[in-house]
Number of protein chains: 4
Amino acid sequence: MHKSRLEAFSDGVIAIIITIMVLELRAPEEGALSALLPLLPKFLSYILSFVLVGIYWNNHHHLLQVTKSVNGSILWANMHLLFWLSLVPFATIWMGEHFEAIPVAIYGGVQWAAGLAYFILTRALITHHGVDSVLAKAVGRDHKGLRSLFLYTAAIALAFFSPWLSAGLYVVVAVMWLIPDPRIEEKVAEKGHIN
Amino acid sequence: MHKSRLEAFSDGVIAIIITIMVLELRAPEEGALSALLPLLPKFLSYILSFVLVGIYWNNHHHLLQVTKSVNGSILWANMHLLFWLSLVPFATIWMGEHFEAIPVAIYGGVQWAAGLAYFILTRALITHHGVDSVLAKAVGRDHKGLRSLFLYTAAIALAFFSPWLSAGLYVVVAVMWLIPDPRIEEKVAEKGHIN
Amino acid sequence: MHKSRLEAFSDGVIAIIITIMVLELRAPEEGALSALLPLLPKFLSYILSFVLVGIYWNNHHHLLQVTKSVNGSILWANMHLLFWLSLVPFATIWMGEHFEAIPVAIYGGVQWAAGLAYFILTRALITHHGVDSVLAKAVGRDHKGLRSLFLYTAAIALAFFSPWLSAGLYVVVAVMWLIPDPRIEEKVAEKGHIN
Amino acid sequence: MHKSRLEAFSDGVIAIIITIMVLELRAPEEGALSALLPLLPKFLSYILSFVLVGIYWNNHHHLLQVTKSVNGSILWANMHLLFWLSLVPFATIWMGEHFEAIPVAIYGGVQWAAGLAYFILTRALITHHGVDSVLAKAVGRDHKGLRSLFLYTAAIALAFFSPWLSAGLYVVVAVMWLIPDPRIEEKVAEKGHIN
């Protein structure tokens, strides 16, 4: 099967997810600068989630660049990833409104599940393309993905001691991923444009 | 006419439908784990609808893979399917908030109508491509579609005796469809990539 | 300029417009069938608007099929059409909640403006393609578009005497357009697939 | 990397941004014409933002027409632009509800940041394509972009003296950009369709 609709559908869902979070930044009831202050935690949560979801879109983009075709398992592995990403707005808003142990831990739980879903998607793609494919070599052992899962696990535990340290770890994961995956970009560069 | 915009428009509508349901999972007023408990029925309804709408997207994807071109009737048959799918968020939220006979039956009614609309769409496509086309052979007699309509009918009746049994039947339909249609995937595989 | 992004952007905006209207069909506070009754006028408004916006998408689809390229004026003529369509959800909800002279007339006003915007878009496309182009011949004198504007004008005036008669005229316009434009479909059929 | 998904994702996000603003135009509680009056400032804010975001989409469209490929920095420069655009609905609604110094200045601040982000995006594209590329020549020194940033700066300062004059400057920027960029359109015209 062609990958173009999987890309288009994922683009649509991720575009909506990344944009609807901002709907919860409700315009203040008055026009004073001080009225923006209570929105600050929500706004910082929004920035964090915008970046983390943006990272998924970037990596998804890179991953699908080296994908030649898809099958039923890949469609569902992708749907599974979109399911967890669709919970990000809920977790973002809750964390932004209640910066406490449970909401911060739940936020990490959703990110953890999305990270695992992304990992499963890469495996489904490698299985379909073969271990000798450009894709398999480009993804490699995915140390970064496993490291993220480890950091999220630590952040979830930390949330019960200090939500701030926990949120700090989420920022660490974001920074770690912010640079697009050189593994794939190099492989693509080696053989010119794929697609 | 080309099918690409029909695919793009359907992708857009389905992406929005699948994502806006999550907007109704409002973040709790407090940060305790117990505050998530009242959201559980809504969350389970969301998962069910995410999977059912995801199945429509998957099957639509498979169906359009073997489609060569479209005409006016197909555009409207597709619009008719999207209309019923657009009512899924409403039915999901109502069922999630009031797990009682009427909302559970209405949920089944919407799914029943969407199932019928999908069936009509396959017929419009077969009429356009001819009964000897790859598409017609791939879709075949569509036992699975008819079986779903039968199960939804039973579930609607059951809702008045036990909403739980009724919801159980919706899960059965979801599981039945979760595996992408082997009829079409085989036909596509036989003759390589179509599109 | 290529037309593909104009199509994609229009698909996105129309998909959102057609879907967000349903967000206003709020799930009732209780689980009884009688709780659906007060939603009926909103639901009927939704169906009417779904069909009318669906008609725009269909006609836009047909129109862009015979379009070869676009320029700056066409981009803005299209944006202008999308602006008026974006007001349809507002007008739909108001009419659904207050089935009275003013909201029903405003609904007609929005449809009238969208109709005019569509007419302007066809003129911009004909100017760009030349009066001897397939597009110009396919669109012809656009009697149907002018007839719709006339019917909307009548419906706006009628709204002050009888909202029901006025709404009846909106249904007449919908039925009149429901069949995809044979003018363009024939021209496309004559010369095979364009695009 | 191919540019098609960057276009599709941007189209999706911009389509959602431009459409969700209208959700805040809530249908009045009664059916009288006078009930529309309090919506007027919100409606004017909506028109302004629709046009300004529409300008971004148009210019983005023109810019990507002369783009051959993208890299990681471009993906993030684009994401950065979408981030600021995603704040436009918030600023629009606040300004529409509280037409006072701070909300009007914040509106300008968001537009200023989006303008800067667009400027950064053009630089990232020029760096990637080389200073001798069609793109670099088409964009040139981008006087219009710099002039907009200057006008936004002035408007932010003016907001504290007169919100009306400040809003007047936003309209000036909109009018200034409303005509699609002749620099790029000419270059495209010179060498036929690029893409």
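The trypsin sites (Lys or Arg not before Pro) of segment D:1-66 that DSSP puts in a loop, and whose beta carbon has at most 16 other beta carbons within 10 Å, are D:Arg26. In sequence order, segment A:144-157 has phi-based couplings of 5, x, 5, 4, 4, 4, 5, 5, 5, 4, 4, 5, 4, 5 Hz under the Karplus curve 6.51 cos²θ - 1.76 cosθ + 1.60, θ = phi - 60°, and Gly or Pro positions carry x.
Let's test the formula: R0 of 41 Å, r as the Cβ-Cβ distance of D:Ala154 and A:Glu100. What FRET efficiency results, to the nearest 0.05?
Numbers: r = 44 Å, r/R0 = 1.06.
Given R0 = 41 Å and the Cβ-Cβ separation, E is 0.40.
At an R0 of 35 angstrom, the distance between the Cβ atoms of D:Ile120 and C:Ala35 translates into a FRET efficiency of 0.10. Using the alpha-carbon atoms, what tilt in degrees (0 to 90, nearest 10) does helix B:101-129 show relative to the longest principal axis of chain B? Result, in degrees: 10.
Give me the Kirkwood hydrodynamic radius of segment B:4-190 in Å, from all C-alpha pairs, to one decimal place?
Details: mean 1/r = 0.0576 Å⁻¹.
For segment B:4-190, inverting the mean 1/r across all distinct Cα pairs yields 17.4 Å.
Mean partner shielding of peptide B:24-34, defined as the number of other chain Cβ atoms within 10 Å of each residue Cβ, is 6.
Could you line up C:Met79, A:Met95 from fewest to most neighbouring Cβ atoms inside 10 Å? Display every interim value, and only then the final one.
Values: C:Met79 23, A:Met95 31.
Listed from fewest to most nearby Cβ atoms, that is C:Met79, A:Met95.
Across peptide B:43-51, how many C-beta atoms of other chains are within 10 Å of each residue C-beta, on average? Neighbouring Cβ atoms belonging to other protein chains average 2 per residue here.
For C:Ile126, D:Ile156, what ranking results if the residue with the fewest other Cβ atoms within 10 Å of its Cβ goes first? Display every interim value, and only then the final one.
Values: C:Ile126 17, D:Ile156 20.
Final ranking by Cβ density, sparse to dense: C:Ile126, D:Ile156.
So if I place +1 on the C-beta of Lys and Arg and -1 on the C-beta of Asp and Glu, and nothing else carries charge, what would the dipole magnitude of the protein assembly as shown be about its Cα centre? I want it in debye, nearest 20. Please list the in-between numbers first.
Numbers: 52 positive and 52 negative charges, 464 e Å.
Taking the Cα centre of the protein assembly as shown as origin, the dipole is about 2220 debye.
Checked against a 31 Å cut-off, the cross-linked pairs A:Lys3/B:Lys137; A:Lys42/C:Lys3; C:Lys68/D:Lys137; B:Lys144/C:Lys3; A:Lys68/D:Lys137 give Cα-Cα distances beyond that limit for A:Lys42/C:Lys3; B:Lys144/C:Lys3; A:Lys68/D:Lys137.
Between helix D:4-20 and chain D there is an angle of about 10 degrees, using the helix long axis and the longest principal axis of the Cα atoms.
Reported to the nearest whole Å, the Cα centre-to-centre distance from segment C:144-175 to segment B:62-101 is 29. If I fit a long axis through the Cα atoms of helix C:88-97 and take the longest principal axis of the Cα atoms of chain C, what angle between them do I get, 0 to 90°, rounded to 10? So the helix axis and the longest Cα principal axis differ by about 20 degrees. Of the GluC sites (Glu not before Pro) found in segment B:1-98, those in coil by DSSP whose Cβ has at most 15 other Cβ atoms within 10 Å are B:Glu29, B:Glu30. A simple charge model with +1 on the Cβ of Lys and Arg, -1 on the Cβ of Asp and Glu and nothing else charged puts the dipole of segment D:4-190 at about 500 debye relative to its Cα centre.
Computed over the protein assembly as shown, the P(r) curve from all C-alpha pair distances, binned at 10 Å from the origin, holds 2, 13, 23, 28, 22, 9, 2, 0 percent per bin.
Readers should treat all values here as calculations from the given coordinates under stated rules, not as data from a laboratory. Just so we're clear, the structure is a prediction, and the values are computed from it rather than from any experiment. We place every Cβ from the backbone using ideal geometry, glycine too, and count neighbours over all the protein chains shown.
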